[in-house]
Amino acid sequence: MMELEDSRQQLKYISEDLRAIRSAALMADENKDWDTEGDVVRLIALAIEPIMRDVEEVTVNLDRLIKSKNKETQDVRG
């Protein structure tokens, strides 16, 4: 159960990170010092990399937990 709570908390952090990136991108888009829209795209691309790794980690953990629970269920029925 603790692992599920940890995964849920990680997802909350990821959501907060995504909101921060969105805010930064919107502010950058409004700032005339940025040369092109490509600058904003590069900002987003760089910022999203660690979040993608976090999402993959949470997915792997959840997959492992689901498989473990399914195995426990099969063992009990079996």
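What follows draws every value from the coordinates through simple rules; no lab data is involved. Just so we're clear, the structure is a prediction, and the values are computed from it rather than from any experiment.
General remarks:
- Computed extension length for residue 47-residue 33: 3.1 nm, one decimal, from 0.36 nm per residue of separation with the Cα-Cα distance subtracted.
- The angle separating the long axis of helix 2-30 from the principal Cα axis of greatest extent in the chain is about 10 degrees.
- 222 nm mean residue ellipticity, helices alone, for the chain (DSSP H n ≥ 4; -39,500 (n - 2.57); rounded to 500): -33000 deg cm²/dmol
- Which label in (1) 19, 14, 12; (2) 40, 11, 7; (3) 26, 14, 11 gives the computed semi-axes √(5λ) of the Cα gyration tensor in Å: (2)
- The phi-based Karplus calculation (6.51 cos²θ - 1.76 cosθ + 1.60; θ = phi - 60°) puts the 3J(HN,Hα) values of region 41-47 at 4, 5, 4, 5, 4, 5, 6 Hz, whole numbers, x for Gly and Pro.
- Extension gain for the segment residue 59 to residue 16, taken as residue separation times 0.36 nm less the Cα-Cα distance, is 13.7 nm to one decimal.
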